[in-house]
Amino acid sequence: MNIIFQDNGNHLDEWLQALKQTLPQAKVRIWQEGDDAPADYAIVWKPPVAMLRGRSALKAIFSRGAGVDGILQLGADLPAGVPVLRLSDAGMGVQMAEYVTHAVLRYFRRFDEYQLLERDACWRFLPPRQREDFSIGVLGLGVLGQRIVAALQHFGFPVNGWSRTQKTVDGVTCYAGREQLAAFMQASKVVVCILPLTADTQGILDRVSLGQLPQGAYLINVARGAHLVEDDLLALVQSGQIAGATLDVFAQEPLPRQHPFWREPRITLTPHIAAMTMVGESVAQIAQRIQVLEQGLPVDGVVDIKRGY
Ligand code: NDP
Ligand code: OXD
């Protein structure tokens with residue numbers, strides 16, 4: 001079995017070591033420009049066109065992340081009929097739950113404001129917020145969205161969820177489809193975006209949808225930068241309509257040094273680390289799926305290319 005692996009400078013030795021241990025029968029090679037020798041599987045993250053174009057003999061393309069927008073952007077250059085598989089949780093769910101819970105609690109318990117008071121050596125009590133007024137809306141009720149929901153429910157926050165198809169999740173007020181987006185936004189004091197980036201979801205967080213949030217709402221974006229119209233958020237934060245935002249992903253990454261987000265104290269930034277790919281868990285999942293595919297059986301995690309996730 002031949003596997004081509006795209007090196008993007010992240011944990012290469014760890015990946016190769018784990019693949020060698022988990023799939024000892026496989027010959028894994030790092031793909032390089034000009035390599036068009038046969039391969040059974042490809043493991044990629046935002047691959048260059050030349051790596052996959054014409055490779056219709058591949059049995060599957062594995063994403064090194066949960067998101068596949070960086071693969072599907074190849075469009076017609078993706079080999080037709082070759083399944084693309086995403087990672088399903090693979091150690092990312094717990095990290096997402098930690099990240100979002102941390103951001104929500106920071107706003108709910110006013111730790112962001114206490115931090116500013118501390119800088120001024122100011123001993124002052126701020127009135128506590130009421131949990132029942134602090135409803136959290138989660139855009140995306142998939143693998144990671146539902147993990148986030150479970151963590152927030154643990155603290156007793158009222159939770160709303162929004163998905164493409166109607167869902168039933170215990171204790172969650174579920175909304176679905178564009179026609180229910182406004183009602184979802186109006187009902188959410190904090191909105192968390194954990195959607196895949198598709199033609200339907202690009203730019204979904206704009207002046208209109210963010211303007212539907214209650215006055216003084218918060219945004220947490222852990223999905224993709226292109227979900228957010230950055231200038232619209234900035235204007236809403238500066239007008240006070242949105243009280244704060246925690247952003248892990250950006251239209252351009254790394255975020256350029258001159259970007260105004262760096263200088264807006266109500267916007268908290270992290271460098272796309274909300275849930276990092278765990279090499280051990282990811283390789284175990286990919287290897288298990290290869291074994292299933294080799295037996296000709298149906299496998300989990302296959303992306304619906306037309307739908308975009
Ligand atoms: P899933 O595919 O499991 O879930 C996607 C969810 O989004 C589903 O509930 C789906 O609805 C919903 N959805 C998709 N399109 C629409 C739409 N047009 N309208 C409404 N809802 C929609 O994905 P994951 O939970 O595994 O991952 C989500 C994303 O998180 C990834 O695609 C990636 O971009 C991002 N991510 C970010 C990371 C980071 O570190 N910042 C790390 C890992 C992932 P339905 O249930 O009806 O299908
Ligand atoms: C992912 C990511 O999609 O890390 O897995 O962003």
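When the Karplus curve 6.51 cos²θ - 1.76 cosθ + 1.60 is applied with θ = phi - 60°, which whole-Hz ³J(HN,Hα) does each residue of the range 100-105 get, with x for Gly and Pro?
5, 4, 4, 5, 5, 5
Tabulate in residue order the Karplus-calculated ³J(HN,Hα) for the range 174-184, using 6.51 cos²θ - 1.76 cosθ + 1.60 with θ = phi - 60°, rounded to whole Hz; enter x for Gly and Pro.
My calculation for the range 174-184 gives 9, 10, 8, x, 4, 5, 10, 5, 4, 5, 4 Hz in order.
Report the one residue of 298, 283, 68 whose Cα lies farthest in the direction of the positive end of the charge dipole of the chain (charges on C-beta: Lys and Arg +1, Asp and Glu -1; origin at the Cα centre).
Value computed over the given set: 298.
Determine Rg/Rh for the range 205-277; Rg is computed over alpha-carbon atoms and Rh is the Kirkwood hydrodynamic estimate from the same atoms.
With Rg and the Kirkwood Rh in hand, the quotient comes to 0.94.
For the chain, what does the accessible surface come to per residue with a 1.4 Å probe? Please give it in Å².
50
Out of residues 5 or more away from residue 268 or on other chains, whose amide H comes under 5 Å of its own, with H placed 1.01 Å from N in the peptide plane?
Those lying under 5 Å, H to H, from residue 268 are 245, 246, 247.
Run lengths n ≥ 4 of DSSP H only: what is the helix-derived mean residue ellipticity at 222 nm for the chain, with -39500 (n - 2.57) per run over all residues, to the nearest 500?
Helices in the chain give a 222 nm mean residue ellipticity of -8500 deg cm²/dmol.
Pop out the carbon and sulfur fraction of the accessible area of the range 252-296 as a percent, whole number, probe 1.4 Å.
Carbon and sulfur atoms account for 56 percent of the accessible area of the range 252-296.
Got a sec? What order do 193, 122 fall in by accessible area at 1.4 Å, biggest, i.e. largest, first?
Putting 193, 122 in descending order of accessible area: 122, 193.
Starting from the residue with the highest accessible area, list 99, 309, 218 in decreasing order, probe 1.4 Å.
Order by accessible area, largest first: 309, 99, 218.
Near the amide H of residue 138, under 5 Å away, which other amide H atoms are found, from residues 5 or more places off or on another chain, if H is placed in the peptide plane?
Result for residue 138 returns 160, 161, 162, 192.
State the volume of the convex hull built on the alpha-carbon positions of the range 92-269, expressed per residue in Å³ and rounded to an integer.
120
In percent, what relative contact order does the range 92-269 have, based on Cα pairs under 8 Å that are 6 or more apart in sequence?
That works out to 16 percent.
Measuring from centroid to centroid over Cα atoms, what is the spacing of the range 72-91 and the range 103-151 in Å?
36
If the elastic network links every pair of Cα atoms under 10 Å, which of 121, 223, 39 fluctuates the most in the Gaussian network model of the chain?
121
Given all pairs of different Cα atoms, what value in angstroms does the Kirkwood hydrodynamic radius of the chain take?
20.9
The values are calculated or read from the model by the stated rules, or taken from the named source; none is laboratory data. Everything numeric here is computed off the predicted structure, so don't read it as measured data. Reconstructed Cβ throughout: ideal geometry from the backbone, glycine too, with neighbour counts over all protein chains shown. All accessible areas refer to the heavy atoms of the entire protein, side chains included, with ligands and DNA or RNA removed. Shrake-Rupley method; radii C 1.70, N 1.55, O 1.52, S 1.80 Å.
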